Amino acid sequence: MKEELQDLIDLLHERKCSCVLRNGEIYTFERRGVEDLYALLREQSGLLLGADVADKVVGKGAAALMVLGRVRRVYADVLSEPAYGLLFQTGISVSYGRLVSAIRNRAGNGWCPVETLCRDKETAEECLPLIAGFVERLRI
């Protein structure tokens with residue numbers, strides 16, 4: 001499956017963007033964390049439906065947004081085990097460069113805050129209000 005997304009993976013690395021999405025056309029995104037995926041789900045969810053996605057880092061929060069957006073395939077340079085489980089259980093094809101137990105925060109001294117928020121949640125639907133609250137706090 002990784003071969004089918006190789007053009008997106010190459011673009012992800014060449015442009016040094018955070019995420020590349022293909023749904024007919026190709027779109028690139030620059031913001032770190034879940035901000036772009038969250039904005040897409042809220043404002044342009046049709047772009048996610050059936051899309052192929054290549055992302056640098058996918059934790060459980062990003063995976064939840066992709067599940068809710070009903071993407072088709074995902075490649076992540078770094079993928080957390082909780083994210084893998086959520087994507088796999090919902091039937092989304094997933095491949096990765098490196099699988100890790102959890103996504104680390106930017107300082108490298110703990111878990112990513114969104115990974116922490118979503119850690120004990122069973123479904124993408126349970127994660128969404130937590131992610132929404134996190135993104136809203138970033139905007140303040």
If we take region 28-133, then helices (runs of 4 or more DSSP H) inside it with 3 or more residues that are within 22 Å of Lys16 (Cβ to Cβ) and not small (Gly, Ala, Ser) are 35-43
Count of residues meeting criterion [loosely packed, with under 14 Cβ neighbours inside 10 Å and among the basic types (Lys, Arg)] in region 3-30: 2
Looking at Ser45, Ser101, which is the one that is without any contact (Cβ under 8 Å) to a residue 40 or more places away in the chain, touching an Asp or Glu at 6+ places or on another chain (Cβ under 6 Å) and either polar (S, T, N, Q) or within 17 Å of Cys127 (Cα to Cα) (or both)? Ser101
For region 1-20, give me each residue that is touching a residue at least 40 places away in the same chain (Cβ under 8 Å) and not in a loop (DSSP other than H, G, I, E, B). Lys2, Glu4, Leu5, Leu8, Ile9, Leu11, Leu12
Let me confirm something: among Val67, Val94, which residue is surrounded by 16 or more Cβ atoms within 10 Å (Cβ to Cβ), modelled with pLDDT of 95 or more and touching a strand residue (DSSP E or B) at 6+ places or on another chain (Cβ under 6 Å)? Val94
For region 77-88, state whether one or more residues are on the phi > 0 side of the Ramachandran plot and not aliphatic (A, V, I, L, M). no
Could you list, in sequence order, all residues of region 106-140 that are among the basic types (Lys, Arg) and under 18 Å from Val58 (Cβ atoms)? Arg106, Arg119, Lys121
With (1) modelled with pLDDT of 95 or more; (2) surrounded by fewer than 23 Cβ atoms within 10 Å (Cβ to Cβ); (3) under 10 Å from the mean Cα position of the chain (by Cα) as the list, and Val74 as the residue in question, which single condition is left unmet? (2)
Just to be sure before I move on: is Glu35 out of contact with any strand residue (DSSP E or B) (no Cβ under 6 Å at 6 or more places or on another chain) and farther than 19 Å from Ala132 by Cβ in the structure I sent? no
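The values are calculated or read from the model by the stated rules, or taken from the named source; none is laboratory data. None of the values given here were measured: they were computed from a predicted structure. Glycine also receives a Cβ, built like all others from the backbone with ideal geometry; neighbour counts cover every protein chain displayed.
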